Amino acid sequence: MDPSERYCYNPVLRWNPEVEDYFIKAYGPHHFSRISKALTRPSCYSCIRVNTLNTTSDAVIEKLQGIIQNSGFQNGVDGINLNKTERNDSLNDSNIKVEAGKSEHGMNALKGSFENGTISKCQIPGLEYVVFVKGSGPHTIDYDYAPERPPKEVIVSRKCAEAVLRGAQVFVPGVMACSAHVEKGELVAVSVAVEQPVVDGGWATGITRGTVLQGLQTDPHYFERSGLYIGQGITMMSRAGIFRVLQGIAVDMNNRIFNLPSFHDVLEGEIFLQNLPSIVAAHALDPQKGERILDMCAAPGGKTTAIAILMRDEGEVVAVDRSHNKVQNIQKLAAEMGLKCIKTYKLDALKAVCRRNESNGMSAPCSDKINSCTNIQNSDSLRLHEEVSSATVEGLDADMTCKEKVSNEKGNDRTYISKADIRKNMRRMRNGPGRNQCLGSRVEPSKGFSPNSFDRVLLDAPCSALGLRPRLFAGEETVNSLRSHGKYQRRMFDQAVQLVRPSGVIVYSTCTINPGENEALVRYALDTYKYLSLATQNPRIGGPGLVGCCEFPDGYVEEWLRPGEEELVQRFDPSSPLDTIGFFIAKFSVGSKEV
């Protein structure tokens, strides 16, 4: 094998055959081929949303330029080339073809944003608070190959590689295999273990963590790594150390296929790294000061905070997610950005509407009773903690003292406390209050919200995520799983329709290229709820939606948009000159529900 063919980055995205046929019908073979190739590469730029409540775009640009000059980013350590990009950047191509006539103004403004150097302000009207930072790539890397002396290398997992392509380092958990006799400080080539078809019809990498590589064709999976080398780096620990410890940087990537900036712990509270279509989705919602807005699937909080900033932190943004930890992350981000109008709750979006017999008749979340019980329980726990702590200081047995105090309380207050509660309180005293009881980070549960209680609702729905970049494998999705995603999203949309008031707005978005989760949802919404209509979006820089339908081999017909509707949605194509992730946005105006 020619070393130049092996030691390069030229991945082929694998799909489930039925899914591939479906997408070919939707996009055509040549267009889908371009999409698949684009998905294997990161965007050529990073997009930063500026917190305009704390700073300005000009101030952020000045600070970033200073950071670059002082930290040596321009030398390739963190991947910014200040003067030149080696990638044929289509945004600077004077022959750009705009996907839709209505997006021409936004497209030209975006093109102009990249003509002012590596760090520049977005020129799209209304998005001046967005800053772009150029990257570069793909670069050609010399791995110093010789037939008798192949380079030492490290194989990383696919998810680790996707993060590295976006600018991350190689951390210990991501390493799958390593050459023998690798010591700290050695130069290694980094390649990727991507899932391959197996006998039972599934997919697997077949690499056991800790495998020793010899760099020869007799090595298992030698040929599978062809075209999957993502760069070079310096080992931060020996081979033995990599597979002995549980955390830390294993390889410091100093020569990457794609050089993209790293913004870890940079200007916290002033900037937020976010994909351009996600910023456009929050902007399309057009939130106004004083309104009450719901973000139904809010984690990790990027769109939530974007909405709050557009409202100038005046009003109420209710952010919900069913994961306790994710809700805490939203709280942390809101606090970091100094936003006061965001209220967070732990809630499954499929249960976002209060049941009639549980509603308190108010627009606030139906969780007052839960909160009251939680406060009482916390108060009892604190009192018990203080009493037992005092007994421990006096040298008494903590367990016996706890039981005595509980017995006394039982006699005085006629309240039974089980042995399980005693054990729980003992564990709490030994281990501390825990995340749920920590001051300032308690997550409140909610039983839902009253119908017609929000001015605007954003449903950035959980999806197949087939638009995220870079992506090195897509074979896990089947036609059935894609249909399941669509059914799940329709159920969430049903909740959103009930929660928004008449004359309100719903914005629906996904990060997938799957029409069944995008245009098919719009068709369902318009056919099911006659008082909904598609609304124009501002800014509009994405392309048109897909018109028509698709018939599957089992006879199922999936309907998409009808003529005239395609220009009212925004579809971000990863293979277009915008060079974004795959994304979809639809905006609905809500009419009178009395029909």
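Cβ separations smaller than 6 Å between residues 6+ apart or across chains give the following pairs from the stretch 508-530 residues that are open to solvent by 30 Å² or more (accessible area, probe 1.4 Å) to residues that are among the hydrophobic types (A, V, I, L, M, F, W, C) and in a helix (DSSP H, G or I): Y529/V497.
I need the full set of residues from the stretch 151-172 which are more than 30 Å from L276 (Cα to Cα) and open to solvent by 30 Å² or more (accessible area, probe 1.4 Å), in order please.
Residues of the stretch 151-172 that are more than 30 Å from L276 (Cα to Cα), as a first pass: 151-155, 172.
Matches in the stretch 151-172: K152 only.
Report whether or not A189 is more than 22 Å from S262 (Cβ to Cβ), hydrophobic (A, V, I, L, M, F, W, C) and open to solvent by less than 60 Å² (accessible area, probe 1.4 Å). It is false that A189 is more than 22 Å from S262 (Cβ to Cβ), hydrophobic (A, V, I, L, M, F, W, C) and open to solvent by less than 60 Å² (accessible area, probe 1.4 Å).
The lone criterion from (1) surrounded by 13 or more Cβ atoms within 10 Å (Cβ to Cβ); (2) touching a strand residue (DSSP E or B) at 6+ places or on another chain (Cβ under 9 Å) left unmet by S238 is number (2).
Filter the stretch 151-179 down to the residues that are in a loop (DSSP other than H, G, I, E, B) and touching a Leu at 6+ places or on another chain (Cβ under 7 Å) and list them by number. R166, G167, listed by residue number. Evaluation of D554 against the conditions (1) out of contact with any Pro (no Cβ under 9 Å at 6 or more places or on another chain); (2) open to solvent by less than 40 Å² (accessible area, probe 1.4 Å); (3) among the acidic types (D, E) shows that the sole unmet condition is (2).
Scan the stretch 256-264 and tell me whether some residue there is within 30 Å of G542 (Cβ to Cβ), touching a strand residue (DSSP E or B) at 6+ places or on another chain (Cβ under 7 Å), of a type outside the set (V, I, T) and surrounded by fewer than 19 Cβ atoms within 10 Å (Cβ to Cβ).
Residues of the stretch 256-264 that are within 30 Å of G542 (Cβ to Cβ), as a first pass: 256-264.
In the following step, the residues that additionally are touching a strand residue (DSSP E or B) at 6+ places or on another chain (Cβ under 7 Å) were identified as 256-257, 259-261, 263.
Imposing the further condition that a residue be of a type outside the set (V, I, T) reduces the set to 256, 259-261, 263.
Going one step further and asking which of them are surrounded by fewer than 19 Cβ atoms within 10 Å (Cβ to Cβ), we end up with 263.
Among the residues of the stretch 256-264, at least one is within 30 Å of G542 (Cβ to Cβ), touching a strand residue (DSSP E or B) at 6+ places or on another chain (Cβ under 7 Å), of a type outside the set (V, I, T) and surrounded by fewer than 19 Cβ atoms within 10 Å (Cβ to Cβ), which makes the answer yes.
Of all residues in the stretch 130-142, exactly one satisfies the criterion of being buried (at least 22 other Cβ atoms within 10 Å of the Cβ) and part of a loop (DSSP other than H, G, I, E, B), namely G135.
Of the residues making up the stretch 142-160, those that are closer than 17 Å to T40 by Cβ and touching a strand residue (DSSP E or B) at 6+ places or on another chain (Cβ under 7 Å) number 4. Can you confirm whether S575 is touching a helix residue (DSSP H, G or I) at 6+ places or on another chain (Cβ under 7 Å), polar (S, T, N, Q), surrounded by 19 or more Cβ atoms within 10 Å (Cβ to Cβ) and in a strand (DSSP E or B)? Taking the combined requirement at face value, the residue does not satisfy it.
Only one of V443, V457 is farther than 30 Å from L260 by Cβ, among the aliphatic types (A, V, I, L, M) and modelled with pLDDT under 95. Can you tell me which? Give the derivation first.
Values: V457 fails: modelled with pLDDT under 95.
Every option except V443 fails the conditions.
Taking the stretch 247-277 as the range and being in a strand (DSSP E or B) and among the hydroxyl-bearing types (S, T, Y) as the test, no residue passes.
Applying a threshold of 7 Å to beta carbon distances and a minimum spacing of six or more residues, or different chains, the list of pairs starting in the stretch 315-338 at a residue that is within 14 Å of E268 (Cα to Cα) and aliphatic (A, V, I, L, M) and ending at one that is open to solvent by less than 40 Å² (accessible area, probe 1.4 Å) and at pLDDT 95 or above reads L333/G301; L333/T305; A334/G301; A334/T305; A334/I342; M337/N51; M337/T305.
Listed by first and then second residue, the pairs with beta-carbon distance under 6 Å, at least 6 apart or on different chains, first residue in the stretch 532-552 and farther than 16 Å from F588 by Cβ, second crowded, with 20+ Cβ neighbours inside 10 Å and basic (K, R), are G542/R571; G543/R571.
The values are calculated or read from the model by the stated rules, or taken from the named source; none is laboratory data. Since the structure is predicted, the reported quantities are computational estimates derived from the model, not experimental observations. So basically every Cβ, Gly included, is an ideal-geometry build from the backbone, and we count neighbours across all protein chains shown. The protein model used for the area step is the full one, side chains on, heavy atoms only, and it has no ligands, DNA or RNA in it. Shrake-Rupley method; radii C 1.70, N 1.55, O 1.52, S 1.80 Å.
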